Structure formats: structure tokens, C-alpha cells
Amino acid sequence: MNLMEIGEFAFIENLRKKYQPNDLDILKGIGDDTAVFLKENDTALLLTTDMFIENIHFRISDISPEDLGFKSLSVNLSDIAAMGGIPKNVFVSLAIPEKISYEFINNFYRGMDELIKQFNLSLIGGDTNFSRNDFVINIVITGVAKKDEILYRDGAKVKDKILVTGYLGDSSCGLDVCNGKLKFNSNYEKYFRNALIRPKPQINEGKIIAESKIANSMIDLSDGIASDLRHICLQSGVGAVIFENLIPYSDFMKDISRSKNVSALDYALYGGEDYCLLVTVSPECKNELYDVFSSKINTPLFEIGEIVKGDNIEIVLNSGERKVISKMGFQHF
Ligand code: ADP
Ligand code: MG
């Protein structure tokens, strides 16, 4: 059978069912943003890995080596943020084709160094290989968290409010700019391209939400709401309704969707790589979360919908029409 017919979601779900952890120290195996292991009484170790493949995730012509280093580490850090953890140690494995120079690799590490410094990380290992054609990067990152503060994908409850910690869609618009599908003036192109190649891992945001102990579930938005909210819903056994008029967009995005033939909504739902966080919180605790957030950090929180009974994800469009979102966000197959 072709993997396309199964789809990435079902493929991973099958693996999750088959490989249930058999060690009591494993608090979470397959199925969340990171695996979680019990470390000491009340602390847990987080571990996640992601691959970054030339011509699948990036094109050498679109991104500088520094930005590539920054982004490959940033997207891994985002998964630690999604659990509410603090990142600690990094392993970097590379498959390097002949066309990649030593200077390129040095600059690639320089980009990672920005984040290593910012989050006080230790790079403690990896692997180096030759590749015939494409540059392949694999990063493993560990983190720590208090066991009872970790936020999983499976904790969403009916009536929870769905909040996101940033504007949506800018990064996937940046991809269309890089692909030459969209042309704007240079300020706009720079803004969208920057959203794509320099995502900021929301470690502090994730930590503040987790420490508050009032949220019920969390995920980072890597594949678009249509996919990432679906992860929350499937794992929590709930449905969701979101409202088109509540989806937050940057001024740049609002501007281009008025003047160009661009669907900001499609970018937000199906685009991905926003790397902000999606959180669910009970209606009673929502204001408390807003207060905690605004007293500790300068990042906005936006309510976009709520968790409901059932298993559908629906959107109420500005026209008033209510539609089931059946299409997925980004999937590899
Ligand atoms: P994210 O987008 O947050 O990085 P993924 O969709 O990549 O999450 O992965 C979801 C879950 O599936 C994670 O627990 C991940 O470790 C697991 N996973 C993904 N691919 C595989 C695989 N080939 N084998 C085992 N587990 C996998
Ligand atoms: Mg994730």
C-alpha cells in the first residue's frame, strides 16, 4: 500500500497504538510534541527530534546558512515550548553533500549559536555523514519540566476556550514569497520571509502557561490549525469550533489580503510553520490566564474558538456559514 493512502496522521497513530511504552518511567511515548520520561520525584525529562531536509523543508537558494542553523534548532525548541519545558541539551546530526563548504557549515553553526546562547543550551553530540545530493539535518533536543506542569495534547475539555499566542499565516505567506508565487514591495517581502526563516521559539510563553497550572492542553502550531487543532481534538476525544473573525493576523497580512488575491484564512488553517502555541483553557480560568500572561510577557493571546462535544472541527465564516474543516494542514504524505 502507498503511504499516501494511509496519510501521515494515521501512520503515526498506528505506530502509537503498536508501540505503547512498557516502562513506567515513560510518561508519554509517541503522540505528543515531545516524549516525556520521569526523572526524579517531580521532574521530567523531555526529548524530541526533527529532521530538516533540503528541497523538502528548505532550498539552499532561499535561506542563508546562519538562518538555516537558526531555524533547524528553533523548530525543535518549539516542541519543548509546547510542553511548557525548559530546553537543555542538543545533538546535531548532519548528512553533508559535496556542494556544502566548510564556511557554510561554520555559518550554519553560528546561526544555531544564537539560540544556544539565548537559552543557555549545551551542544553535547551528534553525527556527521556524507550525502550524495541533499543536505539533511537532524536535531535531537532534551528539556526539563515539572511533572505536574507539563501540558499534553490530550487534556482539552468541552467548553475550553482555544487561544493562540501569535499572528497566524505569515510564515506560509513567506514560503509563497520565496517560491516566487507572490510579489510585494521589499518591506513586505522581508517581513514575510523573515517569519518563515527566523521563527522565534516561544519557550518563555510555554513556561508561563505551564506554570500557571490553569491550561488544559497545548501544542505548537507547526502544520496549520487544521492539523494541529486536530491533534488536540483527536487525542482529547473532543471537537472544536473556531471563528474566522477571531483569527489574528499581522497588519502586513491584513493589508495584503485586502489588496492582493491572498487568502489569509487558508494560510492560517493549512499553511503552518507559525511556531506560536495553541492552548486550551476552561472559560472560568481564561481571564486569569490573560492576566498572568500580560503581567509576565509582551506576547499577545488571542481567543479563536472553543472546544465542543463530538469529533469535528468547524469554522464559522464571516458570512455566517458554518463549515466542517475536513482538509488537513501540512502533511508529508
Ligand atoms: P511535531 O510536529 O510536533 O514535531 P510530529 O507530527 O512530527 O510532531 O510527531 C508526532 C509524534 O509522532 C511525536 O511523538 C513523534 O515522536 C512521533 N513520530 C513521528 N514519526 C515517527 C516515527 N517514524 N516513528 C516513531 N514515532 C514517530
Ligand atoms: Mg510540535
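The values are calculated or read from the model by the stated rules, or taken from the named source; none is laboratory data. Remember, predicted model here, so these are calculated numbers, not experimental data. Note that each Cβ is placed from the backbone with ideal geometry, even for glycine, and that neighbours are counted across all protein chains shown.
Are any of the residues in segment 150-160 modelled with pLDDT of 95 or more and assigned to a strand (DSSP E or B)?
Residues of segment 150-160 that are modelled with pLDDT of 95 or more, as a first pass: 150-160.
Then keep just the ones that are assigned to a strand (DSSP E or B); that gives none.
Within segment 150-160, none of the residues are modelled with pLDDT of 95 or more and assigned to a strand (DSSP E or B).
Starting from residues that are under 23 Å from CYS233 (Cβ atoms) and either touching an Asp or Glu at 6+ places or on another chain (Cβ under 6 Å) or β-branched (Val, Ile, Thr) (or both), keep the ones in segment 1-28 and report whichever is farthest from ligand 1 (Cβ to nearest atom). That would be ILE6.
One residue is enough: does segment 230-251 have a residue meeting the conditions in a helix (DSSP H, G or I), within 16 Å of ligand 2 (Cβ to nearest atom) and of a type in the set (A, V, I, L, M)? Within segment 230-251 (the criterion being in a helix (DSSP H, G or I), within 16 Å of ligand 2 (Cβ to nearest atom) and of a type in the set (A, V, I, L, M)), the answer is yes, since at least one residue qualifies.
Applying the condition of being under 25 Å from VAL90 (Cβ atoms) and loosely packed, with under 15 Cβ neighbours inside 10 Å to segment 22-38 and asking which residue is nearest to ligand 2 (Cβ to nearest atom) yields ILE26.
Consider segment 47-79 and keep the residues that are among the small types (Gly, Ala, Ser) and buried (at least 17 other Cβ atoms within 10 Å of the Cβ). The one that is nearest to ligand 1 (Cβ to nearest atom) is SER78.
Are any residues in segment 303-333 surrounded by fewer than 16 Cβ atoms within 10 Å (Cβ to Cβ), in contact with a helix residue (DSSP H, G or I) (Cβ under 9 Å, 6 or more places away or on another chain) and part of a strand (DSSP E or B), and if so, which ones? Residues satisfying the conditions do not exist here. Pairing residues of segment 108-132 that are loosely packed, with under 12 Cβ neighbours inside 10 Å with residues that are of a type in the set (Asp, Glu), at Cβ distances under 9 Å and at least 6 apart in sequence or on separate chains, gives PHE130/GLU98; ARG132/GLU98. The residues listed here are VAL279, VAL177, VAL262; of these, the one that is surrounded by 24 or more Cβ atoms within 10 Å (Cβ to Cβ) and touching a helix residue (DSSP H, G or I) at 6+ places or on another chain (Cβ under 8 Å) is VAL279.
Would a scan of segment 134-149 turn up a residue that is without any contact (Cβ under 8 Å) to a residue 40 or more places away in the chain and either over 25 Å from ASP228 (Cα atoms) or in a strand (DSSP E or B) (or both)? Looking through segment 134-149, none of the residues is without any contact (Cβ under 8 Å) to a residue 40 or more places away in the chain and either over 25 Å from ASP228 (Cα atoms) or in a strand (DSSP E or B) (or both). Look at MET83 and say whether it is among the aliphatic types (A, V, I, L, M) and over 26 Å from ASP113 (Cα atoms). No.
Considering segment 48-57 alone, what residues qualify as being more than 15 Å from the chain's Cα centre (by Cα) and under 21 Å from VAL90 (Cα atoms)? Of everything in segment 48-57, those that are more than 15 Å from the chain's Cα centre (by Cα) and under 21 Å from VAL90 (Cα atoms) turn out to be ILE53, GLU54. Being more than 16 Å from ligand 2 (Cβ to nearest atom), modelled with pLDDT of 95 or more and outside any helix (DSSP H, G or I) holds for only one residue in ASN204, ASN194, ASN216, and it is ASN216. Which condition number does ILE209 fail, the rest of (1) closer than 21 Å to ASP50 by Cα; (2) crowded, with 19+ Cβ neighbours inside 10 Å being met? So the condition that ILE209 fails would be (1). Considering the conditions (1) among the charged types (D, E, K, R); (2) under 30 Å from ILE313 (Cα atoms); (3) in contact with a helix residue (DSSP H, G or I) (Cβ under 8 Å, 6 or more places away or on another chain), GLU114 is excluded by exactly one of them, (2).
Inside segment 80-104, residues that are within 16 Å of ligand 1 (Cβ to nearest atom) and outside any strand (DSSP E or B) make up a count of 6. Against the criterion of being among the charged types (D, E, K, R), within 11 Å of ligand 1 (Cβ to nearest atom) and either farther than 24 Å from PRO199 by Cα or at pLDDT below 95 (or both), LYS39 does not qualify. The C-beta contact set for segment 73-99 (first residue within 12 Å of VAL140 (Cβ to Cβ), second residue of a type in the set (Asp, Glu) and within 11 Å of ligand 1 (Cβ to nearest atom), distance under 8 angstrom, 6+ apart or interchain) comprises ASN76/ASP50; ASP79/ASP33; ASP79/ASP50; ASP79/ASP220; ILE80/ASP33.
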